[in-house]
Amino acid sequence: MGLQYEGEDKRGERKIKMREVFLGLDLGTQGARVVIVDREGNILSSSEDVFKEEPENPIYWWEVTRCLLGSSIFRLGRDNKILSLAVTSTSGTVVCVDTRGEPVMPALMYNDPRGAEESKILNRHLKGLTEKLGYKFNASYALSKILWLKNNMPDIYERTRFFLSPTDFINFKLTGRMGITDHTNALKFGFDLLDYRWPAEIEQLGIELDKLPEVLAPGEIIGGIRKELLDEFGIDYNIPVLTGLTDGTSGQIASGAVRVGESSTTLGTTLVIKGVTSSLIRDPLGRFYSHLHPEKNRWFPGGSSNVGGECLEKIFPGENYKELDKKIKDLIPSSLIIYPLVRDGERFPFVNPRAKGFVSGSPSSREELYLGYLEGVAYVERLCYETLSEIGVRTNNTVYTVGGGSKSLIWLKIRSSIMNKVLKRPVSATSGMGVAILGASRTFYESLDLAVSKMVKIDVGVEPDRDLVPLYEERYRRFIEILSERGYV
């Protein structure tokens, strides 16, 4: 049960024992999720609510979040003490607020294409920054959208006191303290992670630096929850609100990959690969970029492929994947070599906007084609890790794997055998869990490493099939040959 607190109820009539817990709030693009965990990583409460309307309205986000927090805390009961609350959200989205903290327009979402031309200006004007940090601006970056606003909606720009991330906005509504962010969210706003400052060159573009928030490390205390909210939630003690994380960084923490040499794969609609290094690794080809570790002594390099579970949704729509998994057990390995790209263009492990997927070989059945696509994703995953290694990102023999694709045990076996690595799947690797762990690392444990070691639980571990490893090695070499013939690698 861990450390407990003695306290009185509001009437002072009885003593209660309070278990320390940590709250993580994930503000997604489609809804909000709250997870409350104890110091051992056990989930005590998990709830979510979808955005039924106005997904670009920050006030609506707050209304949903406020109700969700209230109901989650109520269900938690009075025998638990919340030691921290931290928020995570998608990076790149911009919330423009006035001097009172009120939004002056709908949020510019991360996938809003406005800012594409401005990103080219930023890459020219801030070339020193992009070369130093090893990335390039594109339309998904917050600073590209801010420059677009200045050029196209000057009245909105002038009315804006602060440009914030969704995490920053929710933290303001919780604490009343405006204009605070963390360095993971600040990256896409143009923050210099090495010198730890806003570059003066941004101001030369006409963007005032005082419109950008103060940057703190993730997990630093912003302030306590406002008194009126505590009363509304039925809480008679202070709850510290901490600076948060981007959802990708938070998910990596929840996966367990936080120490140098560790790595994680998120297999969802796309494939996201991340490692941990002791120093900043730059890719001259721009295939990946690095986030600064919350404790500022390590880096999280990572890249996203356009390959992933989307190929199953496109090629096998509406089919029962669990049933297909059962049917392919005796077919492994397939006779096919597939690059499972279902849209034009690839960004990692190579950059080619005109790249196309391919199927080499003739499938004997629908089941073999399905197997071939599972193998194809695993071939790409292996190439991603080899690409990171060539640039200097060293990873050990274990990959922590999360995302919907990691639920398939047969796919885990295929991926493990193709990469010749051990795969470990955590019980819960949500972004909300990640910021809850961050909170525990700042309010209970001595470090993030210790918090992760105590709170991340492994559900499944899969080792390579020694009979399959040499068979897949031969097929992988053919996969690389075909990519080379097409000029992709």
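Summary table below
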quantity	calculated
Dimensions (Å) - the chain, Cα atoms, principal axes, largest first	71, 58, 42
Cα-centred dipole magnitude for the range 4-247, charges only on beta-carbon of K, R (+1) and D, E (-1), debye, nearest 20	200
Stokes-Einstein D for the range 4-247, Kirkwood Rh over Cα pairs, 4 °C, 1.567 mPa s (µm²/s)	68
Percentage relative contact order, the chain, counting C-alpha pairs under 8 Å, at least six apart	15
Cα-projected label distance for E220 with F358, points at 7 Å along beta-carbon direction, nm	5.1
Relative contact order of the range 4-247, pairs being alpha-carbon contacts under 8 Å that are 6 or more residues apart, as %	19
Protection proxy ranking of 436-449, 305-318 - average other beta-carbon atoms within 10 Å, highest first	436-449, 305-318
Alpha-carbon centroid distance for the pair the range 348-420 / the range 92-154, whole angstrom	33
Dipole of the chain, positive direction: furthest Cα of I225, F288, V35, with charges on the beta-carbon	F288
Flagged links, alpha-carbon separation over 21 Å, of K173/K227; K274/K457; K150/K211; K314/K457	K314/K457
Relative packing of 239-248, 133-142, which averages over residues the other C-beta atoms within 10 Å, highest first	239-248, 133-142
About the Cα centre, charge dipole magnitude for the chain (Lys/Arg +1, Asp/Glu -1 at Cβ), debye	580
Angle in degrees between helix 366-391 and the longest Cα principal axis of the chain, rounded to the nearest 10	70
Residue among L69, L369, N396 farthest towards the positive dipole end of the chain, charges placed on Cβ	N396
Considering only the range 4-247, percent of DSSP beta bridges that pair antiparallel, nearest 5	65
Cα long-axis angle, helix 468-485 against the chain (0 to 90 degrees, to the nearest 10)	90
By average C-beta atoms within 10 angstrom, highest first, the peptides 217-223, 323-329	217-223, 323-329
In degrees, nearest ten, helix 142-152 long axis to first principal axis of the chain (Cα)	70
Residue (of C384, I146, Y472) at the positive-pole extreme of the chain, dipole from beta-carbon charges	Y472
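Since every read-out is calculated from the coordinates, none of them should be taken as a lab result. Values in this document were obtained by computation on a predicted structure and should not be read as measured data. Positions of Cβ are backbone-derived with ideal geometry, glycine not excepted, and every protein chain shown enters the neighbour counts.
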